[in-house]
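Down below is the structure, laid out as structure tokens.
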Amino acid sequence: MDSVQTMAAPVVAEFDSLLHEQLLDRRMRLREAQSYVGPQEDFSRLLGEVDAALLKFENGSYGVCVGCQDTVEPERLIQDPLMTVCLGCLTHKQRAFLESDLQLAADIQRGLLPRSGIACEKWHVDYAYEPAGIVSGDYVDIIERGDEFYFILGDVSGKGMAASLLMSNLHAIFHSLAPMDLPLAELMTRANRLLTESSLANQFATLVAGRANRSGEIEISNAGHLPPILIKNGVKGELNHAGLPLGLFCDSEFTVNQVRLDLGDSLLLFSDGVTETNNPDGEEFGVQRLFDTINGHSVGRSPNLVARCLAQIERFRDSAERHDDLTMLVLSFT
């Protein structure tokens, strides 16, 4: 029992309150439903599983795989707090179901991506979206509104299916709010409130969102994300204005900054999968190498800039395994 408690400690320490609350809520809802429809086999089985999970919290064995006694993956417990088997102990049938669900999620994600080569008035938009696995926790979006458009790039907490679901939630939130033509600060405030109220306590997203018009003017708000890089008149610099991530606190407010792009200027947004790409020696690509890659960027050629960055990152990575999703978005005023 001591060894079981030791292996379960990281899971219990991180998710104890959150998952215990979920289980208590599910037990209450099951009992309420059972009181309306009477005893049913499915309800009794689910109640038994919930009670068994709650008992494991009491004896310190919650989150331990019943097959190998290793720890069940935390992101899978967030999806289903009744999970009792780690990925390595899934049966062939269970693994096939999981792979099918992941492939479906990947297909849905691809369907949510903006079309490539977007031209909005005088703007040209290009992006790269490369998941490290089947599904991604990165979010990139372009929402056209007449002669203006919203642009968004972000990274949600977690990995795997849980992260992809949160990404889809963000997509739905922004597409629901965009037609209201709210000021950008209010758009961010409402998106934050909706995300906070519809996600778990440990789920959040860092992102940059902005609105661009036909005159080259950009409003931009940064919710805890990496600073975008402005390429203006051949000079490159970071826009270092960031607030709290979305989803942490319901009443968070967000600042908005303005920048004007002239013909040939560009704005580069990226996820940490770019700067945290490792080479075989464990060294990170970093922001400085990204700046070096931008040198010599041709005026008004956003596809060239994206391709150049991707090529340089791949050369740097060489044979090293990629561990994080990689997303880039370039807005060029042409």
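Multiply the residue gap between residue 215 and residue 321 by 0.36 nm, knock off their C-alpha separation, and tell me the result in nm, one decimal place.
Full extension from residue 215 to residue 321 adds 33.9 nm.
If one computes P(r) from the Cα atoms of segment 209-334, what percent of pairs lie at distances over 17 Å?
Pairs farther apart than 17 Å: 60 percent.
May I ask you to compute the full-extension gain from residue 287 to residue 17, defined as 0.36 nm times their residue separation minus their alpha-carbon distance, rounded to one decimal in nm?
So the extension gain works out to 93.5 nm.
Given the rule -39500 (n - 2.57) for each run of at least 4 DSSP H residues, summed and divided by the residues of the chain, what is its mean residue ellipticity at 222 nm, to the nearest 500 deg cm²/dmol?
So the calculated ellipticity at 222 nm is -14500 deg cm²/dmol.
Report the label-to-label distance for residue 238 and residue 119 in nanometres (one decimal), using points 7 Å from each Cα along the Cα→Cβ vector.
With each label point 7 Å from Cα toward Cβ, the separation is 3.5 nm.
List the extent of the Cα atoms of segment 138-257 along each of their three principal axes, largest first, rounded to whole Å.
So the three principal-axis extents are 43, 29, 26 Å.
What three numbers, in Å, describe the spread of the alpha carbons of the chain along their principal axes, ordered from the longest?
69, 48, 31
Give the residue from 202, 68, 140 lying farthest towards the positive end of the charge dipole for the chain; charges sit on Cβ (+1 for Lys and Arg, -1 for Asp and Glu) and the dipole is referred to the Cα centre.
Value: 140.
So, with a 1.4 angstrom probe, what is the percent of accessible area on segment 100-253 that is carbon and sulfur?
Carbon with sulfur: 53 percent of the solvent-accessible area.
Taking Cβ-Cβ under 4.7 Å as the only way to count a partner, pick out the unpartnered cysteines of the chain.
Here 68, 89, 120, 250, 309 come out as lacking a disulfide-compatible partner, given the Cβ-Cβ threshold of under 4.7 Å.
Tell me the GluC sites (Glu not before Pro) within segment 247-334 that lie in a loop according to DSSP and have at most 16 other beta-carbon atoms within 10 Å.
Of the GluC sites (Glu not before Pro), the ones in loops of segment 247-334 whose Cβ has at most 16 other Cβ atoms within 10 Å are 253, 276, 283, 321.
Take each uninterrupted DSSP H stretch in the chain, measure its Cα extent along the helix axis, and return the ones at 18 Å or beyond whose mean Kyte-Doolittle hydropathy is at least 1.6.
Span-like helices in the chain: none at all.
Would you mind working out the accessible area per residue for the chain, using a 1.4 Å probe, and quoting it in Å²?
Spelled out: the 1.4 Å probe surface of the chain, per residue, equals 48 Å².
Given Cα pairs under 8 Å that are at least 6 residues apart, what percent is the relative contact order of the chain?
16 percent
Please work out the Cα center distance from segment 149-225 to segment 64-84, rounded to the nearest Å.
First find each Cα centre; the distance between them is then 30 Å.
The values are calculated or read from the model by the stated rules, or taken from the named source; none is laboratory data. On a predicted model such as this, the values are computed, not experimentally measured, just so you know. Note that each Cβ is placed from the backbone with ideal geometry, even for glycine, and that neighbours are counted across all protein chains shown. Each accessible area value is taken on the protein alone, full model and side chains, heavy atoms only, with ligands, DNA and RNA left out. Shrake-Rupley method; radii C 1.70, N 1.55, O 1.52, S 1.80 Å.
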